[in-house]
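Have a look at the structure below before the remarks.
The values are calculated or read from the model by the stated rules, or taken from the named source; none is laboratory data. Model, not experiment: these values are computed from the prediction. Note: ideal-geometry Cβ built from the backbone for every residue, glycine included; neighbour counts use all protein chains shown.
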Amino acid sequence: MPRGVPAKLFPPHLPGLRQEQGPLHRQLYERLRQAILTGVIPPRSRLPSTRTLAANLGVSRNTVEQAFAQLDAEGLLERRVGSGSVVALPEHVRPPDGPVRAPTGRAELAPPLRARGRRVAELPLSAAPSGLLPLTPCMPALDAFPLSLWRRSLQRQSRQTGTQLLSYGETAGWRPLREAVAAHVGTSRGVRCDWRQVLIVTSTQQALDLVARLLLEEGDAVWMEEPGYLGARTAFSATGARLIPVPVDEEGLRVDEGLSRAPKARLAYVTPSYQYPLGLTMSLARRLALLEWARASGAWVVEDDYDSEFRYTSRPIAALQGLGDTGRVLYVGTFNKVMFPSLRLAYLVVPEPLVEPFLRAKSLADGHTALLSQAAMADFMERGHFTAHLRQMRLLYAERRQALLDALRREAGNSLQPVGSVEAGMHVTVKLAGRADDVALVQRAASRGLDTRPLSAHYLGTKRSSGLVLGFSGVDPAALRSAAASLASLL
């Protein structure tokens with residue numbers, strides 16, 4: 001189109017502006033911008049003067065001036081004194097056969113994905129956070145959290161460190177917190193590490209994502225507990241790894257089955273202290289066998305110690321990581337389940353040769369974890385509040401666990417059978433009698449405000465058990481008794 005051809009704007013290109021739809025200059029800007037980008041107003045067209053356009057629209061000239069100024073700033077208009085405003089979009093941005101049409105479907109907006117992108121896009125999403133609904137698995141007791149002590153830690157660190165916490169932080173994490181974590185897991189969990197091996201991350205999921213990115217390639221075999229944690233499954237699946245379901249029994253992961261199914265696997269993922277979701281503890285013999293396999297084959301073991309702090313009839317079982325000198329175990333722990341979910345603090349203890357690669361991967365992912373929460377957490381631990389909180393939660397959770405089990409026994413009888421003999425953790429799993437559809441039951445329970453998980457969804461293979469994963473730590477005994485009665489009525 002020749003330079004300076006007037007644009008025939010009204011009608012129909014710009015419908016009237018309306019006060020109730022927001023600032024008039026913004027409405028005008030958005031409509032002109034859309035008309036230019038979609039070719040309704042062709043390139044090199046001359047727009048009416050601000051005075052003429054204001055009169056046509058019944059708005060002030062200042063309104064039009066603000067819209068034109070924004071379009072000029074974005075390079076969509078050329079404004080010259082005495083010659084008016086011309087659309088600056090070059091001819092080559094639109095196809096020669098007509099105006100560009102705005103995308104109408106989701107597929108048109110999304111660019112084609114590569115193989116890894118398709119794998120990620122097809123992975124199932126984790127259950128959405130559901131707040132403080134009864135029976136949410138692994139939800140801490142927010143009603144019993146020492147908020148005043150936590151607030152003091154936040155205020156103290158803000159006051160003492162000043163602007164230091166407002167700047168960028170070290171990728172590995174706040175050093176006092178890394179030191180506190182190393183001391184804590186060494187004393188309470190038997191983990192053998194130097195503070196330099198501790199990497200502060202936002203969550204267990206980020207730790208697993210880093211492990212997957214650095215240690216796995218497409219086609220690598222990974223031993224997965226059967227049934228097992230869905231978050232680990234999705235993290236490893238995203239890399240194209242080949243997931244090998246390895247059954248668990250009363251002694252935990254069956255290492256002999258893993259050797260039979262994939263002896264040259266690259267990695268094994270385990271929850272040895274309190275297996276998720278069945279609530280079993282891996283025996284010493286199985287732990288040693290797993291470590292020996294990793295040493296002999298050069299494989300890696302990821303130990304997810306997600307809620308091992310909570311054991312109600314004995315001291316917490318020592319971590320797998322501290323049993324041997326193989327240097328093949330990556331240890332994952334989290335504060336999000338011990339403190340509160342929105343804290344977004346967890347930690348990954350890696351063997352010394354992997355420290356630098358993991359730092360680089362963490363830097364690539366998000367630079368570093370938020371500093372103020374790290375500093376407050378370090379203060380909270382150094383002053384003994386964390387240990388005291390754990391001690392109080394063990395007593396509270398033991399009471400709530402028993403309240404739920406008693407209520408289930410009273411309300412449901414043999415229809416819901418608890419599995420696992422260990423009195424620990426923040427959830428219990430019950431199996432359904434007969435061939436009940438646990439997915440349908442979970443959906444019906446949700447309609448009554450109960451937040452449960454289907455056991456069958458945690459299996460990779462076709463042989464599945466039907467049951468429910470039930471949390472007890474997040475609400476008081478009265479709410480648990482009511483939830484058990486409501487759940488039993490659905491059976």
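Listed values, structure above:
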{"quantity": "Count of the stretch 423-434 residues which are outside any strand (DSSP E or B) and surrounded by 19 or more Cβ atoms within 10 Å (Cβ to Cβ)", "calculated": "2"}
{"quantity": "Search result, residues across the stretch 206-217 that are in a helix (DSSP H, G or I) and in contact (Cβ under 8 Å) with a residue 40 or more places away in the chain", "calculated": "GLN206, ALA207, LEU208, ASP209, LEU210, VAL211, ARG213, LEU214, LEU215"}
{"quantity": "Cross-chain or 6+ apart pairs with Cβ under 8 Å, the stretch 61-79 first and assigned by TED's automatic domain parsing to the domain that holds PRO43, then among the aromatic types (Phe, Trp, Tyr) and surrounded by 15 or more Cβ atoms within 10 Å (Cβ to Cβ)", "calculated": "GLN66/TYR29; ALA67/TYR29; GLN70/TYR29; LEU71/TYR29; LEU77/PHE68; ARG79/PHE68"}
{"quantity": "Filtered residue count, the stretch 424-453, keeping only those that are in contact (Cβ under 8 Å) with a residue 60 or more places away in the chain and over 13 Å from SER473 (Cβ atoms)", "calculated": "6"}
{"quantity": "Number of the condition not met by GLU257 [criteria: (1) surrounded by fewer than 24 Cβ atoms within 10 Å (Cβ to Cβ); (2) part of a loop (DSSP other than H, G, I, E, B)]", "calculated": "(2)"}
{"quantity": "Any chance GLU411 is surrounded by 16 or more Cβ atoms within 10 Å (Cβ to Cβ), over 30 Å from ARG328 (Cα atoms) and charged (D, E, K, R)", "calculated": "yes"}
{"quantity": "3 or more residues modelled with pLDDT of 85 or more and under 40 Å from the mean Cα position of the chain (by Cα): qualifying helices (runs of 4 or more DSSP H) within the stretch 16-95", "calculated": "24-37, 61-73"}
{"quantity": "Near pairs, Cβ below 8 angstrom, 6+ apart or cross-chain, from the stretch 371-387 (more than 12 Å from LEU165 (Cβ to Cβ)) to any residue that is of a type in the set (S, T, N, Q) and assigned to a helix (DSSP H, G or I)", "calculated": "MET377/SER153; PHE380/SER153; MET381/THR387; ARG383/SER153; HIS385/SER153"}
{"quantity": "Residues satisfying the stated conditions in the stretch 329-358, i.e. in a helix (DSSP H, G or I) and either under 13 Å from THR202 (Cα atoms) or not charged (D, E, K, R) (or both)", "calculated": "PRO341, SER342, LEU343, PRO353, LEU354, VAL355, PRO357, PHE358"}
